[in-house]
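One structure below.
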């Protein structure tokens, strides 16, 4: 009886125990699945995290861009500084020539009025004194002509022409630096061009792995910039040289003609005064005039 009861209890508890084992196994599997589910559920967040990572990454600082003025100065260098000094000299020379190369400076209107009044009063010594003290182009010509007038009008005019040529050469010498600048500008620009191209091709020749475009472009831009600066100096220099050369020719010709005309009037007036000083001419001899010696019969 006891054995049967024990078997009966055993038969009853065995299914229960088997159920507990299965429940426990299912519970363990379920807990393991639940433990593995959160990573699967967090997969979209994990996938989105790398996509959001670049946004949160620190942005690299961009290189500071140089101003155009500083780039211009840096690219020009010492050659550009030399061109700048020549440009300042060019501007000062042109300004000075505009003040000096003028017809009123070569032939002062006030001087012409004073000399005309003195000639009308036949004050020849005063005329010579005035033109001797004045340093204008017209006065230098007229002083030479009056000094040579006792040798004849033709000699006086030849002397005036020689002095006029000398003064013209002196004026052309003043404007010759414009021609020098017009020729020197492109040569300096060419020197800068060679320097920039050598710098660019040296970068290409020495770059074994990777070529830096900024260094190559820097040399080329330097070459073109210096060429531009040289041409920018040369073009106005050549233009103003032509302008002042034509002005020198015009001033020289006009001044020589005015001096020659005044010298002829001076010679005629001097002859009239000498004729009036001769005894028997019906007029009183002028002061300072030497009376003519009487002729023997």
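The values are calculated or read from the model by the stated rules, or taken from the named source; none is laboratory data. Predicted model, so just to flag it, every value in this text is computed and none were measured. Ideal geometry is used to build each Cβ from the backbone, glycine not excepted, and the neighbour counts take in all protein chains shown.
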Sole miss for residue 90 among (1) loosely packed, with under 15 Cβ neighbours inside 10 Å; (2) in contact with a helix residue (DSSP H, G or I) (Cβ under 7 Å, 6 or more places away or on another chain) is condition (1)
**Asked** out of contact with any strand residue (DSSP E or B) (no Cβ under 9 Å at 6 or more places or on another chain) and surrounded by 14 or more Cβ atoms within 10 Å (Cβ to Cβ): does that describe residue 207?
**Response** no
Residue set 213, 223, 232; condition modelled with pLDDT under 85, out of contact with any strand residue (DSSP E or B) (no Cβ under 7 Å at 6 or more places or on another chain) and closer than 27 Å to residue 182 by Cβ; output residue 223
Checked the range 229-244 for anything surrounded by 15 or more Cβ atoms within 10 Å (Cβ to Cβ) and under 16 Å from residue 81 (Cα atoms); matches are 229, 230, 233, 234
Selection over the range 164-199 where residues are more than 25 Å from the chain's Cα centre (by Cα) and at pLDDT below 90 yields a count of 0
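Let's see how each residue does on (1) in contact (Cβ under 8 Å) with a residue 60 or more places away in the chain; (2) touching a helix residue (DSSP H, G or I) at 6+ places or on another chain (Cβ under 7 Å); (3) surrounded by 14 or more Cβ atoms within 10 Å (Cβ to Cβ):
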{"site": "167", "(1), (2), (3)": "yes, yes, yes"}
{"site": "174", "(1), (2), (3)": "yes, yes, yes"}
{"site": "192", "(1), (2), (3)": "yes, yes, yes"}
{"site": "196", "(1), (2), (3)": "no, yes, yes"}
{"site": "201", "(1), (2), (3)": "no, no, no"}
{"site": "267", "(1), (2), (3)": "yes, yes, yes"}
ask   = Could we say that residue 146 is over 30 Å from residue 237 (Cβ atoms) and in a helix (DSSP H, G or I) here?
value = yes
